[in-house]
1. Among the candidates ALA102, ALA119, which residue alone is surrounded by fewer than 17 Cβ atoms within 10 Å (Cβ to Cβ) and under 16 Å from ALA43 (Cα atoms)?
2. Would you check which residues across region 106-118 are touching a residue at least 60 places away in the same chain (Cβ under 8 Å) and part of a loop (DSSP other than H, G, I, E, B) and list them?
3. Filter region 158-180 down to the residues that are surrounded by fewer than 23 Cβ atoms within 10 Å (Cβ to Cβ), more than 17 Å from ARG329 (Cα to Cα) and of a type in the set (S, T, N, Q) and list them by number.
4. Look at GLY134 and say whether it is surrounded by fewer than 22 Cβ atoms within 10 Å (Cβ to Cβ), farther than 30 Å from GLU218 by Cβ and not β-branched (Val, Ile, Thr).
5. Specify the residue that is farthest from ASN123 (Cα to Cα); the eligible residues are those in region 135-152 that are among the polar types (S, T, N, Q) and more than 20 Å from the chain's Cα centre (by Cα).
6. Which members of region 174-197 meet the condition of being under 16 Å from ALA265 (Cα atoms) and either modelled with pLDDT of 95 or more or touching a helix residue (DSSP H, G or I) at 6+ places or on another chain (Cβ under 8 Å) (or both)?
7. Of everything in region 119-140 that's in contact with a Leu (Cβ under 8 Å, 6 or more places away or on another chain) and in a helix (DSSP H, G or I), which residue is farthest from VAL74 (Cα to Cα)?
8. Could you list, in sequence order, all residues of region 226-269 that are of a type outside the set (A, V, I, L, M, F, W, C), part of a helix (DSSP H, G or I) and surrounded by 15 or more Cβ atoms within 10 Å (Cβ to Cβ)?
Amino acid sequence: MKRKVSMQQIADAVGVSKYAVSKALAGQVGVSAATRDKIVETAKQLGYDKKIKSASKGFKQAVEQSVSARTVAVLMPNVRYQTSDSTFWGEIMRGIATELDARGVGMLMITENTVEYFAHILNPEGLLGIIGVGQIGTPILLELQHRNIPFILTDHEESLIPCDTVFANNTDSMAMITAHLLGLGHRRFFFLGDAEYSRSFADRWAGFRNTLDMQGIELDQPPERLALSGNDWESNRQTVREWLVAYKEERQLPTAWVCANDDIALSVMYILQEHGIRVPEEVSVSGFDNIDGSARSVPALSTLDIDKSEMGRRAVRCLFDRLANPSSRLEKILLSCELVIRDSIGSPAYR
């Protein structure tokens, strides 16, 4: 039996208050035309048919117009700091919204992470397709595949469920910054990031490791890398503190610390400075993503810039290409990153 859709669910999907939804559904004044249209469209997508049918005549006309509107659902489950408020994910979302708006297409945001909720609210007949952003559970992707809905994944892929994907070129970009550090004279390297955290982290580790292998550079053992999550600052800082104390008692620190993203790099610089280790005079630190805080850190963080908004725009284009050519071969789009050299890396003080 289909679950009833509440006003709060509509409010969450649109990003407005439950009060605004109530007024819009009742055809009352106090809600802008644009917001009213968005609420109407979302209500139809979520299957809020009974309430809509009982609304005023003017509101019914708005509903009838909204049924023919084209809509793309954007699926970004709220997991592991993966929210639209993030300086990384938020920029991707803005790129998607900008491109859809330019095409006159509506956007329905879905943040729930359970198959049950997803299956109940989804109205395949009213959707052009779905764009997944970030980590999405395999059961939800299987549900999409089962319903035969066109979908694109951004910064995520699942080997069991082939589809078009959009990524930053993580492997080549990490090779670029590793080669730059080699050119500065570094020969003792350390990677900070869990290769199992995401596909992007795995590719960044591969780019780092392959570059060193080509130059015959051996990593210190143990460990050759420190498995850190993408955004858990407190856990990452505690792990680095414990490792640093144990490592310093036995040997000299690596001179180049290559981090899987900027959040890890900023945490690492904080801990190094906490222990009186100078950056970059004693240890060079690099990040990846070029989030807002990387340029404001002290020292300013060297990193790789991802055009996050372009990733979102490219995902929309990829979806429309798939809709136009449903039988064409699947694509994996890799967007180049730009090396941003700031103050956190330099030539090694010792080799």
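1. Of the residues listed, the single one that is surrounded by fewer than 17 Cβ atoms within 10 Å (Cβ to Cβ) and under 16 Å from ALA43 (Cα atoms) is ALA119.
2. THR111
3. Of all residues in region 158-180, those surrounded by fewer than 23 Cβ atoms within 10 Å (Cβ to Cβ) come to 158-165, 167, 169, 171-172, 175-176, 179-180.
Cutting the leftovers down to more than 17 Å from ARG329 (Cα to Cα) gives us 167, 169, 171-172, 175-176, 179-180.
Result: ASN169, THR171.
4. Values: surrounded by fewer than 22 Cβ atoms within 10 Å (Cβ to Cβ): no; farther than 30 Å from GLU218 by Cβ: yes; not β-branched (Val, Ile, Thr): yes.
When the stated conditions are applied, GLY134 does not pass them.
5. First, the residues of region 135-152 that are among the polar types (S, T, N, Q): 135, 138, 145, 148.
Filter once more, so that each one left must be more than 20 Å from the chain's Cα centre (by Cα): 145, 148.
Values: GLN145: 14, ASN148: 12 Å.
Applying the filter and picking the extreme gives GLN145.
6. Passing the criteria: MET174, ILE177, THR178, LEU181, PHE189, PHE191, LEU192, GLY193, ASP194, ALA195.
7. Filtering first and then ranking leaves THR138.
8. Taking region 226-269 first, the residues of a type outside the set (A, V, I, L, M, F, W, C) are 229-232, 234-239, 241-242, 247-252, 254-255, 261-263, 267.
Filter once more, keeping what is part of a helix (DSSP H, G or I): 234-239, 241-242, 247-248, 262-263, 267.
ASN236, ARG237, THR239, TYR247, ASP262, ASP263, SER267 - these are the residues of region 226-269 that are of a type outside the set (A, V, I, L, M, F, W, C), part of a helix (DSSP H, G or I) and surrounded by 15 or more Cβ atoms within 10 Å (Cβ to Cβ).
The values are calculated or read from the model by the stated rules, or taken from the named source; none is laboratory data. Just so it is clear, the structure is predicted and the values come from calculations on it, not from any experiment. Note that each Cβ is placed from the backbone with ideal geometry, even for glycine, and that neighbours are counted across all protein chains shown.
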